[in-house]
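Notes for the one structure printed next.
The values are calculated or read from the model by the stated rules, or taken from the named source; none is laboratory data. Not measured: the values here are computed from a predicted model. So basically every Cβ, Gly included, is an ideal-geometry build from the backbone, and we count neighbours across all protein chains shown.
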Amino acid sequence: MSATSRRGLLAGIAAGGLAAPAVLRAQPRHRWRMVTSWPRDLPGPGVSARRLAERIARLSDGRITVELFAAGEIVPAFEVLDAVGRGVAELGHTASIFWMGKMEVAAFFTAVPFGLRPLEHIAWIEQGGGQELWDELYAAFGVKPFMAGNTGMSMGGWFRRELRSAADLEGLKWRMPGLGGEMYRPLGVIQVSLPPGEILPALQSGAIDAAEFAAPASDLALGFHKVAPYYYWPGIHEPNGSSECLVHLETWKALDEGLRAVVATACAAENAYALAESERRNAAALRALVRDHGVRLRRFPDDLVARARDSARAILRGFADRKGVAGDIARSYAAMLEELDAWPTVSVRGFLEARDGA
């Protein structure tokens with residue numbers, strides 16, 4: 001092609017005579033901050049937070065990068081909700097039980113005493129309308145919530161002295177946030193709420209007499225066994241261990257559909273992975289606590305469990321009688337409990353009894 005012909009072709013393109021190739025626009029990149037309620041890389045939720053940040057970056061092919069900050073590095077553990085809602089950080093990794101002072105019913109999205117187990121909780125959120133109610137509740141605080149980690153079923157707690165009956169709870173100062181603390185209050189417990197990183201010093205100083213956090217893997221890492229030798233089961237106060245990812249609502253709305261899918265998928269992947277990881281790590285940690293650290297494993301006295309069960313049922317009824325979204329959440333949760341009630345009797349309990357020869 002001669003120089004004259006090339007000039008003519010270019011002139012034709014400029015004039016619109018031929019279709020010019022589309023100009024590729026650079027896709028926007030986002031640099032986010034994630035604040036958490038956990039010590040950095042705490043087994044269980046702290047590790048989930050780090051993996052979630054990595055998953056989002058990897059699945060978005062670098063369009064979103066996330067810098068993670070442990071509890072206290074930007075905001076205290078119990079201020080994550082407010083920080084994300086105000087846009088101080090785009091993401092938070094935390095647990096809904098910490099927000100009872102702002103919206104008491106938020107605790108339902110972590111655990112209800114004598115309530116849904118981990119897979120049952122996921123069924124409620126994903127199949128029973130729980131996510132929509134969660135979105136409605138949290139929208140007032142400027143955040144979009146997701147499940148994003150799970151430590152599994154909790155243990156009952158750590159105690160300096162052995163419990164013989166429910167009467168031994170009278171006047172006991174117990175680190176017990178969430179609805180579990182409300183359940184034990186009628187039994188004479190003095191409820192104390194502390195961030196995870198402050199529990200061991202409080203036990204060491206005598207500021208509290210007992211503590212619960214999560215399941216064996218996280219508890220072992222936090223070192224409670226060094227101070228409180230009695231480890232009680234079952235975790236009737238917290239049969240589920242969901243962590244939550246909070247996304248600044250305006251940031252969420254501004255994302256394109258592809259990046260919304262990335263964030264949602266990363267949260268779902270971490271939720272499933274963490275639950276599987278917890279099952280294995282909790283079993284190993286429980287063995288280590290008993291075998292290597294001399295922890296005295298005990299079952300709660302029967303009268304304590306019976307009184308706690310009655311208290312828990314009264315709490316659930318009280319929420320269900322409320323108006324507005326709080327009542328809607330409690331009634332939805334109770335309906336899922338009733339719907340699922342028969343199945344674990346013949347599946348989980350029946351199988352375990354058969355496997356163990358009970």
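Before moving on, here are some points about what is shown:
- Test result for Ala107, modelled with pLDDT of 95 or more, closer than 30 Å to Gly327 by Cβ and buried (at least 22 other Cβ atoms within 10 Å of the Cβ): yes
- Number of the condition not met by Val75 [criteria: (1) part of a helix (DSSP H, G or I); (2) crowded, with 19+ Cβ neighbours inside 10 Å; (3) not aromatic (Phe, Trp, Tyr)]: (1)
- From the options Pro195, Pro201, Pro145, residue that is crowded, with 19+ Cβ neighbours inside 10 Å and over 20 Å from Asp302 (Cα atoms): Pro145
- Against the criterion of being in a helix (DSSP H, G or I), at negative phi and in contact with a Lys or Arg (Cβ under 8 Å, 6 or more places away or on another chain), Tyr231 does not qualify.
- Residue pairs meeting the criteria (Cβ under 9 Å; at least 6 apart or on separate chains; first within 21 Å of Ala70 (Cβ to Cβ), in segment 198-212; second of a type in the set (A, V, I, L, M) and surrounded by fewer than 17 Cβ atoms within 10 Å (Cβ to Cβ)): Pro201/Ala207
- Residue list for segment 109-130, filter: of a type in the set (S, T, N, Q) and either in a strand (DSSP E or B) or without any contact (Cβ under 8 Å) to a residue 24 or more places away in the chain (or both): Gln127
- Unmet criterion (only one of (1) within 30 Å of Glu170 (Cα to Cα); (2) out of contact with any Lys or Arg (no Cβ under 6 Å at 6 or more places or on another chain)) for Ala320: (2)
- Every test in (1) in a loop (DSSP other than H, G, I, E, B); (2) more than 23 Å from Val227 (Cβ to Cβ) is passed by Ala207 save one, and that test is (2).
- Within segment 83-94, restricting attention to residues that are farther than 10 Å from Leu246 by Cβ and free of Cβ contacts under 8 Å to residues at least 60 places away in the same chain, the residue that is surrounded by the fewest Cβ atoms within 10 Å (Cβ to Cβ) is Arg86.
- Within segment 148-170, the residues that satisfy the criterion of being surrounded by fewer than 19 Cβ atoms within 10 Å (Cβ to Cβ), touching an Asp or Glu at 6+ places or on another chain (Cβ under 9 Å) and under 16 Å from Arg307 (Cα atoms) are Ser165, Ala167, Asp168.
- Within segment 78-104, being assigned to a helix (DSSP H, G or I) and under 15 Å from the mean Cα position of the chain (by Cα) holds for Phe78, Val80, Leu81, Ser96, Ile97, Phe98, Trp99.
- Residue match in segment 95-108 (condition: out of contact with any helix residue (DSSP H, G or I) (no Cβ under 8 Å at 6 or more places or on another chain) and in contact (Cβ under 8 Å) with a residue 40 or more places away in the chain): no
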